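Presented below is the structure to which this report refers.
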Amino acid sequence: ENSGLDELSGFGYRKALEFLIKDYLIKNTMDDEQKIKSDRIKSDSLNNCIKRLNDSDLQNVSRISTWIGNDSTHYVLENPDLGLDDLKNYLDVTAQYIAFKLRAQTAKLYIDDHRNNNLTT
């Protein structure tokens, strides 16, 4: 992107989105038994993985990011009114949402542990 290769950066961002969504699903939305079967997530399409997300807002921003990223790999654009800046903005929202959920999970674990320790002391 810094070299002015905007047409190439779109599918690079799209690939980064796929890694982010799949890693998030594998690490944070599956129980231990499902994690053993995480190879299915790794080989599944990004679209199917997005459907597994348990929040419609996250699904929406991820889906539109996918559309824009996919456009960068096709001859005919399906979404000509959306470009690289839109993709980066939606990816940023997706990453911030996931970061928030991870931080909230950490806070919950700490609070639960703190409550348990206070009950036993």
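The values are calculated or read from the model by the stated rules, or taken from the named source; none is laboratory data. In this text the structure is predicted, and so the values were computed from the model without any measurement. Counting neighbours? That spans all protein chains shown, and the Cβs are built from the backbone with ideal geometry, glycine included. Surface areas here come from the heavy atoms of the whole protein model, side chains and all, with no ligands, DNA or RNA. Shrake-Rupley method; radii C 1.70, N 1.55, O 1.52, S 1.80 Å.
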Over region 56-71, the set of residues more than 13 Å from residue 14 (Cα to Cα) and surrounded by 18 or more Cβ atoms within 10 Å (Cβ to Cβ) is 58
Picking from 94, 106, the residue that is β-branched (Val, Ile, Thr) and without any contact (Cβ under 8 Å) to a residue 12 or more places away in the chain would be 106
When restricted to 27, 37, the only residue surrounded by fewer than 17 Cβ atoms within 10 Å (Cβ to Cβ) and either modelled with pLDDT of 95 or more or closer than 20 Å to residue 104 by Cβ (or both) is 27
Checked region 45-55 for anything in contact (Cβ under 8 Å) with a residue 12 or more places away in the chain and open to solvent by 50 Å² or more (accessible area, probe 1.4 Å); matches are 47, 52, 54
Restricting region 72-101 to residues that are open to solvent by 60 Å² or more (accessible area, probe 1.4 Å) and among the aliphatic types (A, V, I, L, M), the one modelled with the highest pLDDT turns out to be 93
message = Just checking, does region 1-20 include any residue being of a type outside the set (Phe, Trp, Tyr), touching a Phe, Trp or Tyr at 6+ places or on another chain (Cβ under 9 Å) and at pLDDT below 95?
response = yes
